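Trainee: Attaching a single structure in C-alpha cells format; questions to follow.
The values are calculated or read from the model by the stated rules, or taken from the named source; none is laboratory data. Just so it is clear, the structure is predicted and the values come from calculations on it, not from any experiment. Heads up, the Cβs are rebuilt from the backbone with ideal geometry, glycines too, and the neighbour counts pull from every protein chain shown. Remember, those area values only see protein heavy atoms, side chains included, never the ligands or the DNA or RNA. Shrake-Rupley method; radii C 1.70, N 1.55, O 1.52, S 1.80 Å.
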Amino acid sequence: MLLRRAIPLLACALAAGSCSAPEPPGALPATQRAAQDEFPLGGDDLVGDPGAAASALPAGESCLGEARAVERIGLDMFLMLDLSGSMLDPLPAGAPLAGGAPLAGGTSKWAAVRASLESFVQAPETADIGIGLQYFPQSNPGVSFACSSSAECGDGACTNALCVIRAQSGGGDGGTPPLEFLRVAGDQGNLCRTDADCPDAGQSCQTLLGACVFPPGALAEQPQGQFANVSDSPEAFVSARCNSSQDCEGVPGTRCETVGLCSLSPVQCSDSVPCAPGAGQCQAFPYTCSNFTSCDAARYAQPAVAIDRSSQRASELIASLRAQAPLGATPTGPALAGALAQARSWADQHPERQMVTVLATDGFPTVCEPLEIPAIAELARSGLPVRTFVIGVFGTQELGTDGLARLDQIANAGGSGRALVVNTAGDLTSEFLAALNQIRSSAVSCDFALEAGAPLDFARVNVRLLDAAGNAQALPNVVGAAACEDQPGWYYVRDDSGMPVQLSVCPASCEELSSGRASAELQVGCATRIR
C-alpha cells in the first residue's frame, strides 16, 4: 500500500542488488541508505506498528530509511450563506471596513460579508480548496417576494406587516428618561397577517413602513440625516420603527420617515438618508408574499455554485455573490439540512477529499421547522463525519446573553467545537475573512489515505513533525484513536480484516499541523540495523 500522491515507495526490485531475506519490503539501495537520516527504533521510541512484534529492535539499535514529505487529504467546503433581509442592516456609524478605515456613510452587513468572501476565494492559499455556495432563504416555486395582491401568492397573503413589540432602552443617568419605541420582534422580522401569527406575548402584527430618523442638522456630528439607533450598546444597531410621528415621540429629536431600498444597492434609505453615489434611487419597500420562504431542504441542497477547484471557480462565486440582494426570513433548519445533504453526497463521491460545511448567519431561525436550537444541533450531529462550522455576524446586543452558547451548541454537535462570532462594530470585512481562514486551517485533515498497489511493511513506518527550522519530533505509534488521549502520536485506521487503510495523527499533534507551525514527514523502510 502507498500514501496517496505522497510516498513513491522503493521496492526491492529497484535496489542495486537483491534484497536479503531478513530485509523488509521497501528497502533502499545501499548507496541511498547512507544519504538518509538515522532514526531510532525500539524501547520507548518504537514508532513502527505496535501490533507487529517483529518491528521491535534490541535496545540501542536503530535503522536507516527513506524520508519523504507527506500531503494531507485536500479540503472542500460547502458554504450556506444567510441572505435574509436583516443582512441589509447598516453597520454602526463609524464602524471600519477593511484596513481600519471608517465607513463613509456606513454600509450593510451584506456588503462587508460579500467583500470578505470575494477576498477569500481569490487568495492564493485557497486555490486548492473546492468551494460551493448556496443561500437562504430560497423561495417556494412560483411565489415571488414582491406582490401587489394576494392572488400572486398562491395560498399565502400579500402583506407588509411584521410582528413588533414595544421596548425601552437607556435612561437612568441623571434622571434621563428611557427611550420608548417600537421594534421588530425577535431576532429578525416575521411577516404576519394577524396578531395570532406573532408567537410571543406582547407582540402585535402591524404595518410599519417607516423608521425614526434624525433629520439633517438634528445631530451636530452628522450633518445629513441618520436612522436612529436605539440600542443600549454602540456596538449594535437597533432601528425604531414607526407608522406616524406619534410612534417616534419616545425617541426625542427624530421624525417618522418611510423606509425604502436603494435601486442599485441593497441599502436602506429614506427622505433624509439618501442613497450613496452610485447606489441608485430610493424606492419603496414592496409588499411581500407571506409564503415566500421555502421550507424544503431539497431546495437548499442544490448549490447556487457547485463545489469546484478549477481556475474559474473564483469568478463564478464572485458573479453569484454580486447578483444577490438580501430579503426574506431565516429558515436555518432546512438550510442546514440541505447543506449537509449536499456535503455528504460530495464526500461520498470524493472519498479522497476532506469535506466540511460552513453555516454563516446573522440571526437565529424565524421560520420553518425545526426552530429550536437543540433540534438544529441534532441536524449538525447527523451530518458527521462531515463537520459543520458556524460563523455568526452579530452585534453585542443582538447576540444577547445566550446567543453565543446557542451558536456553540450547533458547532459542537457538528464536530467543530466553538462557533466563530464576528462583531458588527468591528472591522467586519477583515474579521469575517479571518474566520474563514481559521476554518480553512482547522479543517485541514490530519488523515493520510493509504492506497493499494505497492509493498509497505507497516512495521517500518515512522512519522515525524518538522518545525520551521527543520527540527524533527518523532511521533510514537499508538494502537488506535482511544490511545491518543492528550498525547502526541499517530495510529493506523484498519478495515474489517485488520489491514491499515489510513494513517491518522492524534489530535494533540494535529493541532501543530493545523496551525501551520509544523509539517509532517514520513519515514519508510528499515534496511540496515545500526548499534
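Trainee: Among residues belonging to the stretch 222-245 that are outside any loop (DSSP other than H, G, I, E, B) and touching a helix residue (DSSP H, G or I) at 6+ places or on another chain (Cβ under 9 Å), point out the one that is farthest from residue 91 (Cα to Cα). If you could, list the steps in order and put the result at the bottom.
Mentor: The initial filter retains those residues of the stretch 222-245 that are outside any loop (DSSP other than H, G, I, E, B), namely 222, 226-227, 229, 239, 241-242, 245.
From what is left, the residues that are touching a helix residue (DSSP H, G or I) at 6+ places or on another chain (Cβ under 9 Å) are 241-242.
Working: 241: 17, 242: 20 Å.
Taking the candidates together, the pick is 242.
Trainee: In the stretch 489-498, what residues are surrounded by 20 or more Cβ atoms within 10 Å (Cβ to Cβ) and free of Cβ contacts under 8 Å to residues at least 40 places away in the same chain?
Mentor: Initial filter on the stretch 489-498 (surrounded by 20 or more Cβ atoms within 10 Å (Cβ to Cβ)): 489-492.
Result: 489, 490, 491.
Trainee: Cβ-Cβ below 7 Å, separation at least six or inter-chain, first residue in the stretch 326-342 and on the phi > 0 side of the Ramachandran plot, second open to solvent by less than 10 Å² (accessible area, probe 1.4 Å): which pairs?
Mentor: 328/84
Trainee: Now, a different point. Mind listing whichever residues of the stretch 214-236 are at pLDDT 80 or above and within 18 Å of residue 170 (Cβ to Cβ)?
Mentor: Within the stretch 214-236, 214, 218, 219, 226, 227, 228, 229, 230, 231, 232 qualify.
Trainee: Got a sec? Which of 273, 259, 305 is within 23 Å of residue 115 (Cα to Cα) and in contact with a Gly (Cβ under 9 Å, 6 or more places away or on another chain)?
Mentor: Values: 273 fails: within 23 Å of residue 115 (Cα to Cα); 259 fails: within 23 Å of residue 115 (Cα to Cα).
None of the others qualify; the one that does is 305.
Trainee: So, one more: Exactly one of (1) under 24 Å from the mean Cα position of the chain (by Cα); (2) open to solvent by less than 50 Å² (accessible area, probe 1.4 Å); (3) modelled with pLDDT of 85 or more is unmet by residue 475. Its number?
Mentor: If we test residue 475 against (1) under 24 Å from the mean Cα position of the chain (by Cα); (2) open to solvent by less than 50 Å² (accessible area, probe 1.4 Å); (3) modelled with pLDDT of 85 or more, just (1) comes out false.
Trainee: Only one residue in 238, 251 is within 14 Å of residue 180 (Cα to Cα) and touching a Phe, Trp or Tyr at 6+ places or on another chain (Cβ under 6 Å). Which one? Walk me through it before giving the result.
Mentor: Details: 238 fails: touching a Phe, Trp or Tyr at 6+ places or on another chain (Cβ under 6 Å).
Answer to the check: 251.
Trainee: Only residues that are part of a strand (DSSP E or B) and without any contact (Cβ under 8 Å) to a residue 40 or more places away in the chain: list them for the stretch 208-221, please. Step through it out loud before you land on a result.
Mentor: Going through the stretch 208-221, the residues part of a strand (DSSP E or B) turn out to be 210-214, 219.
Selection gives 219 alone.
Trainee: Also, I was wondering about something else. In the stretch 121-207, which strands (runs of 3 or more DSSP E) lie fully inside it and hold 1 or more residues that are over 30 Å from residue 439 (Cβ atoms)? Spell out the reasoning first.
Mentor: On the way: elements: 130-136, 161-169, 179-184, 204-207.
Here the list reads 161-169, 179-184, 204-207.
Trainee: Which of the residues spanning the stretch 473-491 are assigned to a loop (DSSP other than H, G, I, E, B), over 13 Å from residue 510 (Cα atoms) and not aliphatic (A, V, I, L, M)?
Mentor: Those that are assigned to a loop (DSSP other than H, G, I, E, B), over 13 Å from residue 510 (Cα atoms) and not aliphatic (A, V, I, L, M): 476, 480.
Trainee: Looking at the stretch 102-111, can you tell me whether even one residue there is within 17 Å of the chain's Cα centre (by Cα) and either assigned to a strand (DSSP E or B) or buried (at least 19 other Cβ atoms within 10 Å of the Cβ) (or both)? Let's see the steps before the verdict.
Mentor: First, the residues of the stretch 102-111 that are within 17 Å of the chain's Cα centre (by Cα): 109-110.
Within this subset, residues satisfying the condition of being either assigned to a strand (DSSP E or B) or buried (at least 19 other Cβ atoms within 10 Å of the Cβ) (or both) are 109-110.
Yes; the residues of the stretch 102-111 include at least one that is within 17 Å of the chain's Cα centre (by Cα) and either assigned to a strand (DSSP E or B) or buried (at least 19 other Cβ atoms within 10 Å of the Cβ) (or both).
Trainee: Something else now. Take the residues in the stretch 192-205 that are open to solvent by 80 Å² or more (accessible area, probe 1.4 Å) and out of contact with any Ser or Thr (no Cβ under 9 Å at 6 or more places or on another chain); name whichever of them is farthest from residue 153 (Cα to Cα). Before you say what the answer is, go through the steps one by one.
Mentor: Our first condition is that a residue be open to solvent by 80 Å² or more (accessible area, probe 1.4 Å); within the stretch 192-205, this holds for 193, 195-196, 199-201.
Next, from what is left, pick out any that are out of contact with any Ser or Thr (no Cβ under 9 Å at 6 or more places or on another chain): 196, 199-201.
Details: 196: 20, 199: 22, 200: 26, 201: 28 Å.
Ranking the qualifying residues of the stretch 192-205, first place goes to 201.
Trainee: Looking at (1) crowded, with 20+ Cβ neighbours inside 10 Å; (2) without any contact (Cβ under 8 Å) to a residue 24 or more places away in the chain, which is the only condition residue 138 fails?
Mentor: Result: residue 138 passes all but (2).
Trainee: Looking only at residues that are in contact (Cβ under 8 Å) with a residue 40 or more places away in the chain and within 26 Å of residue 355 (Cβ to Cβ) in the stretch 397-415, which one is farthest from the chain's Cα centre (by Cα)? Step through it out loud before you land on a result.
Mentor: Restricting attention to the stretch 397-415, the residues satisfying the condition of being in contact (Cβ under 8 Å) with a residue 40 or more places away in the chain are 397-398, 406, 410, 414.
With the extra rule that they be within 26 Å of residue 355 (Cβ to Cβ), the set shrinks to 406, 410, 414.
Numbers: 406: 16, 410: 12, 414: 11 Å.
Among residues in the stretch 397-415 that are in contact (Cβ under 8 Å) with a residue 40 or more places away in the chain and within 26 Å of residue 355 (Cβ to Cβ), the one farthest from the chain's Cα centre (by Cα) is 406.
Trainee: When the stretch 246-272 is examined, which residues are found to be part of a strand (DSSP E or B) and touching a residue at least 40 places away in the same chain (Cβ under 8 Å)? First the steps, then the outcome.
Mentor: At the first step, the residues of the stretch 246-272 found to be part of a strand (DSSP E or B) are 255-258, 260-262, 268-269.
If the condition is that a residue be part of a strand (DSSP E or B) and touching a residue at least 40 places away in the same chain (Cβ under 8 Å), then 255, 256, 257, 258, 261, 268 are the ones that fit.
Trainee: Can you tell me which residues in the stretch 170-206 are modelled with pLDDT under 85 and of a type in the set (Ser, Thr, Tyr)?
Mentor: Scanning the stretch 170-206 gives 176, 194.
Trainee: Let me ask something additional. I'm checking my understanding of the structure. Among residues of the stretch 442-463 that are in a strand (DSSP E or B) and open to solvent by 30 Å² or more (accessible area, probe 1.4 Å), which one is modelled with the lowest pLDDT? Full working, then the answer.
Mentor: First, the residues of the stretch 442-463 that are in a strand (DSSP E or B): 447-451, 461-463.
The next check asks that each one be open to solvent by 30 Å² or more (accessible area, probe 1.4 Å); those that pass are 447, 451.
Working: 447: 70, 451: 57.
Result: 451.
Trainee: Also: Of the numbered conditions (1) more than 33 Å from the chain's Cα centre (by Cα); (2) under 23 Å from residue 398 (Cα atoms); (3) of a type in the set (A, V, I, L, M), residue 238 fails exactly one; give the number of that condition.
Mentor: With respect to (1) more than 33 Å from the chain's Cα centre (by Cα); (2) under 23 Å from residue 398 (Cα atoms); (3) of a type in the set (A, V, I, L, M), residue 238 is out only on (1).
Trainee: Would you be able to say whether some residue in the stretch 287-299 is more than 29 Å from the chain's Cα centre (by Cα) and open to solvent by 50 Å² or more (accessible area, probe 1.4 Å)?
Mentor: First pass over the stretch 287-299, keeping only residues more than 29 Å from the chain's Cα centre (by Cα): 287-290.
Add one more test, that the residue is open to solvent by 50 Å² or more (accessible area, probe 1.4 Å), and what stays is 287.
Within the stretch 287-299 (the criterion being more than 29 Å from the chain's Cα centre (by Cα) and open to solvent by 50 Å² or more (accessible area, probe 1.4 Å)), the answer is yes, since at least one residue qualifies.
Trainee: Restrict the check to the stretch 206-225 and report whether at least one residue is under 32 Å from the mean Cα position of the chain (by Cα), farther than 22 Å from residue 331 by Cα and surrounded by fewer than 18 Cβ atoms within 10 Å (Cβ to Cβ).
Mentor: Here is the first cut: in the stretch 206-225, the ones under 32 Å from the mean Cα position of the chain (by Cα) are none.
Scanning the stretch 206-225 turns up no residue that is under 32 Å from the mean Cα position of the chain (by Cα), farther than 22 Å from residue 331 by Cα and surrounded by fewer than 18 Cβ atoms within 10 Å (Cβ to Cβ).
Trainee: Could you list all residues from the stretch 328-372 that are over 13 Å from residue 80 (Cβ atoms), surrounded by fewer than 21 Cβ atoms within 10 Å (Cβ to Cβ) and of a type in the set (A, V, I, L, M)?
Mentor: Hits for the stretch 328-372 are 347, 371.
Trainee: With among the basic types (Lys, Arg), at negative phi and under 32 Å from the mean Cα position of the chain (by Cα) as the only criterion, which of 193, 183, 255 stands out? Outline the logic, then answer.
Mentor: Values: 193 fails: under 32 Å from the mean Cα position of the chain (by Cα); 255 fails: under 32 Å from the mean Cα position of the chain (by Cα).
The conditions single out 183.
Trainee: Could you list, in sequence order, the residues of the stretch 383-432 that are open to solvent by 40 Å² or more (accessible area, probe 1.4 Å) and part of a strand (DSSP E or B)?
Mentor: 387, 421, 423, listed by residue number.
Trainee: So in the stretch 300-320, with the set limited to residues that are closer than 30 Å to residue 152 by Cβ and of a type in the set (Ser, Thr, Tyr), which one is least open to solvent (accessible area, probe 1.4 Å)?
Mentor: Looking only at the stretch 300-320, we keep the residues that are closer than 30 Å to residue 152 by Cβ, and these are 300-305, 319-320.
Still in the running and of a type in the set (Ser, Thr, Tyr): 300, 320.
Values: 300: 0, 320: 18 Å².
Checked the stretch 300-320; the qualifying residue least open to solvent (accessible area, probe 1.4 Å) is 300.
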